[in-house]
Amino acid sequence: MDYTAKLEDALQRLHDEGRYRTFIDIERKRGQFPHATWTKPDGTEHPVTVWCGNDYLGMGQNPVVLEAMKEAVDATGAGSGGTRNISGTTVYHKRLEAELADLHGKEAALVFSSAYIANDATLSTLPVLFPGLIIYSDELNHASMIEGIRRNGGAKRIFRHNDVAHLRELLAAEDPETPKLIAFESVYSMDGDFGPIKEILDLADEFNALTYIDEVHAVGMYGPRGAGVAEAQGLMDRIDIINGTLGKAFGVFGGYIAASAKMCDAVRSYAPGFIFTTSIPPAIAAGAAASIAFLKGEGGVKLREEHQTQAKILKMRLKGLGLPITDNGSHIVPLIVGDPKHTKLMSDMMLDQYGIYVQPVNFPTVPRGTERLRFTPSPVHGPKEMDALVHALDELWSHCALNRAELAG
């Protein structure tokens with residue numbers, strides 16, 4: 001067996017299909033977001049504007065967050081020093097979990113090293129806690145949810161995306177006494193569409209099922225205090241387990257679940273992904289807690305309003321050019337190119353010629369034929385940055401001879 005040749009073959013397939021991914025070496029500048037410095041492979045540096053980041057509200061640059069992190073570093077040093085069970089639980093971790101529980105109106109919360117791990121660890125552990133559990137999963141759930149459900153070894157049922165009627169059929173087909181859980185998302189990150197939360201919760205009540213919602217692309221950005229779409233719709237109290245991230249709108253790092261005290265206690269006691277992982281550094285926990293507290297208040301309300309305004313403006317302008325964006329009402333702006341090589345070419349040209357960084361999104365993240373550029377406008381993208389982006393897309397769309405939508409009137 002020529003192992004090196006096998007690796008070369010596997011990588012070449014990605015190159016041939018236009019799906020090979022490259023790292024873009026950028027350095028964000030404090031106080032200048034979304035502007036950054038791109039270091040090319042030849043070592044030269046070039047200014048760029050980031051249009052694909054997940055720091056949706058610019059909280060990674062917020063002075064309140066930075067000061068909390070500095071204070072924690074000065075007080076405690078760098079790392080946590082262990083797992084949560086062995087010397088890795090500090091006052092900062094407890095404060096963060098208290099903030100999260102309060103944010104979601106739950107009895108408790110549990111912090112993980114990422115939202116991916118939180119999903120994977122929790123969903124793979126639940127069948128241990130509820131023997132015979134069947135998990136009903138939306139077909140477009142995030143890879144972390146899919147992996148957790150796959151690894152648990154229990155029964156699963158996949159329902160068509162946002163298809164409540166199909167979910168009902170699947171629930172009705174099982175023994176009423178069988179334990180059940182419905183896993184879904186509030187905002188699906190690739191198309192920016194919303195899950196039918198109330199309808200799913202109504203089914204859960206009817207069929208005595210637990211509910212698990214991923215609010216990763218919504219926490220911080222929706223609801224009066226930034227708890228997510230479920231809060232905005234007045235439905236948080238009806239959800240059993242809420243998953244979220246600290247690395248997107250909160251601008252720091254980590255993930256979590258919020259649930260009843262007994263649920264969190266059981267997951268922390270049984271989930272290997274929690275038990276055997278070093279806890280996040282105290283400075284990270286301090287920064288995340290400060291970010292959550294800030295976004296609960298008036299400062300958060302203002303940022304959320306500005307964020308939604310920027311997303312609406314970008315969608316309106318791209319629609320005005322006839323560019324095929326998908327608009328499902330959220331803050332995510334997918335521009336459908338439809339071909340992996342064209343998508344990669346567009347991304348490369350945006351970076352090289354216009355100093356605009358947007359990463360191509362190809363299969364398997366999205367279905368073949370729906371390859372796209374995915375833009376994430378934020379309150380710190382001003383009129384100048386917006387004008388530059390729209391101008392670049394208009395020129396490149398014509399240069400690549402891609403189709404435009406027919407405009408009314």
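In segment 110-151, which residues are in contact with a Ser or Thr (Cβ under 9 Å, 6 or more places away or on another chain), of a type in the set (A, V, I, L, M) and farther than 21 Å from residue 189 by Cβ?
Scanning segment 110-151 gives 110, 111, 133, 134.
Taking segment 211-240, which residues are aliphatic (A, V, I, L, M) and either touching a helix residue (DSSP H, G or I) at 6+ places or on another chain (Cβ under 7 Å) or open to solvent by less than 10 Å² (accessible area, probe 1.4 Å) (or both)?
213, 216, 218, 219, 221, 227, 229, 230, 235, 236, 239
Let me spell it out: the conditions are (1) hydroxyl-bearing (Ser, Thr, Tyr); (2) touching a Leu at 6+ places or on another chain (Cβ under 8 Å); (3) open to solvent by 10 Å² or more (accessible area, probe 1.4 Å), and residue 278 meets all of them except one. Which number is the exception?
(2)
Which ranges mark the helices (runs of 4 or more DSSP H) fully within segment 297-406 that have 3 or more residues being of a type in the set (Lys, Arg) and either over 30 Å from residue 63 (Cβ atoms) or open to solvent by less than 70 Å² (accessible area, probe 1.4 Å) (or both)?
Result: 298-320.
What's the number of the condition residue 265 fails, among (1) of a type in the set (D, E, K, R); (2) under 21 Å from the mean Cα position of the chain (by Cα); (3) closer than 18 Å to residue 110 by Cα?
The failed condition is (2).
Consider residue 118 against the criteria (1) open to solvent by less than 10 Å² (accessible area, probe 1.4 Å); (2) under 22 Å from residue 230 (Cα atoms); (3) at pLDDT below 95; (4) of a type outside the set (Lys, Arg): it satisfies all of them except one. Which criterion is unmet?
Of (1) open to solvent by less than 10 Å² (accessible area, probe 1.4 Å); (2) under 22 Å from residue 230 (Cα atoms); (3) at pLDDT below 95; (4) of a type outside the set (Lys, Arg), only one is false for residue 118: (3).
Could you go through segment 84-97 and let me know if any residue there is among the basic types (Lys, Arg), more than 30 Å from residue 27 (Cα to Cα) and not in a loop (DSSP other than H, G, I, E, B).
Yes: one or more hits.
Starting from segment 389-405, keep only residues that are under 15 Å from residue 356 (Cα atoms) and at pLDDT 90 or above, then list their pairs with residues that are outside any loop (DSSP other than H, G, I, E, B) and open to solvent by 50 Å² or more (accessible area, probe 1.4 Å) whose Cβ atoms are within a distance under 7 Å, requiring at least 6 positions of separation or different chains.
Close Cβ pairs satisfying both conditions: 390/317; 392/354.
Filtering segment 180-206 down to residues that are open to solvent by 40 Å² or more (accessible area, probe 1.4 Å) and at pLDDT 95 or above, which residue is farthest from residue 135 (Cα to Cα)?
Among those that are open to solvent by 40 Å² or more (accessible area, probe 1.4 Å) and at pLDDT 95 or above, it is 194.
Checking residue 24 against (1) modelled with pLDDT under 95; (2) more than 30 Å from residue 338 (Cβ to Cβ); (3) within 25 Å of the chain's Cα centre (by Cα): exactly one of these is not met. Which one?
(2)
The values are calculated or read from the model by the stated rules, or taken from the named source; none is laboratory data. As the structure is a prediction and not an experimental result, all values here were calculated from the model. Positions of Cβ are generated from backbone atoms using ideal geometry, with glycine treated the same way; all protein chains shown enter the neighbour counts. In case anyone asks, the SASA skips ligands and DNA or RNA and just uses the protein heavy atoms, side chains included. Shrake-Rupley method; radii C 1.70, N 1.55, O 1.52, S 1.80 Å.
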